[in-house]
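Working notes, beginning with the structure itself.
Read the figures in this text as sums done on the coordinates, not as results from a lab. No experiment lies behind these values; they were computed from the predicted model shown. Quick reminder, even Gly has a Cβ in these numbers, built from the backbone with ideal geometry, and neighbours come from all protein chains shown.
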Amino acid sequence: MSGENCFEILDKIFIPKHKKNINDIKGYTIKYGNIVENGNIIDEVLVSYFKAPKSYTTENMCEINSHGGNIIVKKILEMCLENGANLAEPGEFTKRAFLNGRIDLLQAESVIDVINAKSEREAKTGIKQLEGYLSKEISNIKQEIMDVMVNIEVSIDYPEYDVDDVTNSQISDMLESVQKKLEKLEKSFDNGKIIKEGIKTVIVGRPNAGKSSLLNAILKEDRAIVTQYEGTTRDTIEEFVTVNGIPLKLVDTAGIRNAEDEVEKIGIEKSREEIKNADLVIAIFDASEDLTKEDIEILELIKGKKTIIVLNKNDLEQKVDEKNEKLKEISNSIIKISALNKTGIEDIYNEISKLFDLNEINLDQEIVITNVRQKNLINKAIENVKKAKETLKEKMPLDIIAIFIKDILEDLGSITGEIVTDDIIDEIFSKFCLGK
């Protein structure tokens, strides 16, 4: 519970082993006792006390640690509500921390990133933002702009002082510096997107080439149905897996062929759409047979995509190998495997590691943007920098140039939450779970 009356509500339901006045209990203290209703003990618990302003929300807070089990937890929750508490909205604790000024909007957004992290890298990126690394960088850029805005305001308010030349020079240098820093942040989004969302990896091939067997081998579980019959996979199957520290969003697709069945046709069309949107294509071919008309069609579909070609069924007599010219035209990454025997799978992992070397991203030193809202506002700020540079080049009056510079400051303020609407705040925190 968090809020002005949380200790009063707690006092109605909790009897500590050694009763103390709330004023005598220190913050960051745990008390042992019982949750009691009408003289009956509901559970034996530990209660943590956090006193304002030294708490997550900066308000008075307490946490009741009960024994597990839905019945007891539900009962204690009902008792809290009956005695004056209200159920929290999604993200309400973090929202209160933001509204009360303990964290900014960037740090608040990083909380959900840490909670939803699917890899160590994503968790590390979220922790860096929670610690305020990106907030500090945005603050430094804003300060750089403000240092020049002082001279601009002086020139506008006191035109009798002849400081235009100095100011124009300062504005030009500042805008150039700010643009470079913002563009560096904007470019980091590509890496951030991979860290957060994973590399969208689409497995394609004709029916019975071994797509589903490969998916199962990578996941180390029977996620997809595997039979000797063609057309078993009629829809896409998506799974998330981490390979050598690299997050992959794996998509198994329907086998591409000229199908008669309407349901299978829809699945094949979805496969074509997934290939267009893929970051990486794993194209699998049955190496025990010559390339078919469907195989050639697949090669046409994946032209220009980052691709790993997998020659499956190397446990059988080979009719297609890595020297095949049609395959080499598409990719130099050609790997032989047996999905049935699960051999060669490590070679695929190593090839992915080469194509997407996330070790180049030094999370200890670099700031990485992982949030689309943040990226869009940085892009908007860059556009306003360019507009300001253009007005400066055209020798427009300082008050016109100042408009665009103020727009840059507004964009940056929207990133950290200094300038943000209630609708945006509500949208951000609606993505949180109730307990945060």
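In this structure the amide hydrogen of THR307, modeled in the peptide plane, comes within under 5 Å of the amide hydrogens of VAL281, none closer than 5 places in sequence on its chain.
The value of relative contact order for the chain, using C-alpha pairs under 8 Å at least six residues apart, is 15 percent. Using C-alpha pairs under 8 Å with a sequence gap of at least 6, the mean separation divided by the residue count of the stretch 1-102 gives a relative contact order of 27 percent. By the count of other C-beta atoms within 10 Å, a proxy for reagent exposure, ASP24, ASP315, ASP279, ASP147 are ordered fewest to most as ASP24, ASP147, ASP315, ASP279. Among the chymotrypsin sites (Phe, Trp or Tyr not before Pro) in the stretch 1-64, those placed in a DSSP loop whose Cβ has at most 15 other Cβ atoms within 10 Å are TYR28. For the chain, the 222 nm mean residue ellipticity estimated from helices alone, with every DSSP H stretch of n ≥ 4 adding -39500 (n - 2.57) and the total spread over all residues, rounds to -15500 deg cm²/dmol. For the stretch 193-199, backbone phi angles converted through the Karplus equation (6.51, -1.76, 1.60; θ = phi - 60°) give residue-by-residue couplings of 4, 5, 4, 7, 9, x, 7 Hz, Gly and Pro being listed as x. Residues of the stretch 409-436 with backbone nitrogen within less than 19 Å of a virtual label 7 Å along the Cα-to-Cβ line of VAL372, please, listed as ranges. The answer is 415-416, 421, 423-433, whose backbone nitrogens lie closer than 19 Å to the label point. Compared with the direct C-alpha span, the chain from GLU239 to ILE419 gains 61.0 nm at full extension, assuming 0.36 nm per residue. Each residue of the stretch 70-75 is assigned a 3J(HN,Hα), and the resulting list reads 4, 5, 5, 4, 4, 5 Hz, derived from the Karplus form 6.51 cos²θ - 1.76 cosθ + 1.60 (θ = phi - 60°), x at Gly and Pro.
Full extension of the chain segment joining VAL36 with GLU383 gains 118.8 nm, where the gain is 0.36 nm per residue of separation less the Cα-Cα distance. In the chain, the sites counted are GluC sites (Glu not before Pro) in DSSP loop states with at most 12 other Cβ atoms within 10 Å, and the longest stretch holding none of them, exclusive of the sites, is 5-130.
Here the Karplus curve 6.51 cos²θ - 1.76 cosθ + 1.60, taken at θ = phi - 60°, turns the phi angles of the stretch 395-403 into couplings of 6, 6, x, 4, 5, 6, 4, 4, 4 Hz, with x standing for Gly and Pro. So which of LYS306/LYS387; LYS75/LYS249; LYS305/LYS375; LYS180/LYS249 end up more than 30 Å apart, counting from Cα to Cα? Those over the limit are LYS306/LYS387; LYS75/LYS249; LYS180/LYS249.
Average projection, convex hull of the Cα set of the stretch 30-92: 5.0 square nanometres. The stretch 171-205 and the stretch 279-323 have their alpha-carbon centroids 32 Å apart.
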